[in-house]
Amino acid sequence: MKKLTTPEKILRAAHKLFDREGADAVSMRRVADAVGITPMAIYRHFPNREALLKRLSDDAFNTTAQTWAQRTSDPDVLKRLMALLEPYLDYALAHPHLFDHAFSVRRDDARRYPEDFHARRSPTFNVALDTIIEGMAQGVLKQDDPYDVTMAVWAQQHGLVALYRAGRFSYDEAQFRAFYLQSLGRLIDGIKA
């Protein structure tokens, strides 16, 4: 097994704190204690707490994008689009603090629609966008602005997850998962050609 570098140890410790307790729990002191270094040693690798949190957020986006990309091998665009919906929900339920920081909390460095998305700066959005563009090119999906359609699908996903996490559904997780997929299936039916 490969020995972790100090930055990897810092990220792993910060990730665990963040995942368990949220962004407020990620202090340089707590991370340093978990790694067994001094708080000042962290600054050799991350200039400040915000840089450390940004790296955690970026890693969350990249991990989600990689998971989504693994589900894009099905030649059927509609099946592939549906397959992209579950990892988003899985991540939100398994890592609520990281999910909120990556997708729901106002941040100065957050990507903005439309400019950052048109510039392909969102690894997660790009996976869904490419699938929608392919579906439109094949004539499987209605011709429309693929960026706006992708954002509409994402907004539906995110809205349902946010409402569920806020206690607005009386469903247990399995019931909500079924409703989520059914609801997004209806949306996808509406964009079919």
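With all protein chains in place and ligands, DNA and RNA left out, the 1.4 Å accessible area ranks SER183, SER104, SER27 as SER104, SER27, SER183, largest first.
Rounded to the nearest 10 degrees, the inclination of helix 85-94 to the longest alpha-carbon principal axis of the chain is 30 degrees. Rounded if a/c is under 1.5, else prolate if a/b beats b/c, else oblate: with a ≥ b ≥ c from the C-alpha gyration tensor eigenvalues square-rooted, which is the stretch 150-193? It comes out oblate by the Cα gyration axes. Expressed as an acute angle from 0 to 90° and rounded to the nearest 10, what is the orientation of the C-alpha long axis of helix 6-21 relative to the principal long axis of the chain? With both axes taken from Cα atoms, the answer is about 70 degrees.
What is the stretch 101-164 by shape, rounded, prolate or oblate, if you read a ≥ b ≥ c off the alpha carbon gyration tensor as root eigenvalues and call it rounded for a/c under 1.5, prolate for a/b larger than b/c, and oblate otherwise? The shape class here is oblate.
Here the Gaussian network model covers the chain, with springs between Cα atoms less than 10 Å apart; of GLN156, GLN143, GLN175, GLN175 fluctuates the most.
In the chain, helices alone account for a calculated mean residue ellipticity at 222 nm of -21500 deg cm²/dmol, with every DSSP H run of four or more residues adding -39,500 (n - 2.57). Relative intensity of the chain on a log10 scale, I(q)/I(0) at q = 0.18, 0.19 Å⁻¹, equals -1.21, -1.29, per a Debye sum over C-alpha point scatterers of equal strength in the absence of solvent.
Answer rounded, prolate or oblate for the stretch 39-87, using the Cα gyration tensor with square roots of eigenvalues a ≥ b ≥ c: rounded when a/c is under 1.5, else prolate when a/b is larger than b/c, else oblate.
prolate
Can you work out the PRE-style zone for GLU115? Point 7 Å along Cα to Cβ, and I want the residues of the stretch 121-165 with backbone N under 16 Å. Residues 121-122 qualify, since their backbone N sits under 16 Å from the label point. Within the accessible surface of the stretch 21-176, defined with a 1.4 Å probe on protein heavy atoms only, the carbon and sulfur portion equals 50 percent. Between the helical axis of 123-138 and the longest alpha-carbon principal axis of the chain there is an angle of about 20 degrees. Normalised radius of gyration (Cα atoms, divided by 2.2 N^0.38 Å) for the stretch 64-170: 1.08. Solvent exposure of the stretch 98-159 amounts to 50 Å² per residue of accessible area, where only protein heavy atoms count and the probe is 1.4 Å. The longest part of the chain holding none of the exposed loop trypsin sites (Lys or Arg not before Pro), meaning those outside H, G, I, E and B in DSSP with at most 11 other Cβ atoms within 10 Å, is 45-105.
Amide hydrogen proximity for LEU141: with H placed 1.01 Å from N in the peptide plane, the residues at 5 or more positions away or on another chain lying under 5 Å are MET136, ALA193. For the stretch 125-193 and the stretch 58-100, what is the centre-to-centre distance using only Cα atoms, to the nearest Å? Going from one Cα centre to the other spans 12 Å. Note on the stretch 84-143: dipole from Cβ charges, positive end direction compared against PHE103, HIS118, LEU141; the farthest Cα belongs to HIS118.
Computed about the Cα centre, the dipole magnitude for the chain is approximately 660 debye when only Lys and Arg (+1) and Asp and Glu (-1) carry charge, each at its Cβ.
The values are calculated or read from the model by the stated rules, or taken from the named source; none is laboratory data. Quantities reported herein were computed from a predicted structural model and do not represent experimental measurements. Cβ: placed from backbone, ideal geometry, glycine included. Neighbour counts: every protein chain shown. All accessible areas refer to the heavy atoms of the entire protein, side chains included, with ligands and DNA or RNA removed. Shrake-Rupley method; radii C 1.70, N 1.55, O 1.52, S 1.80 Å.
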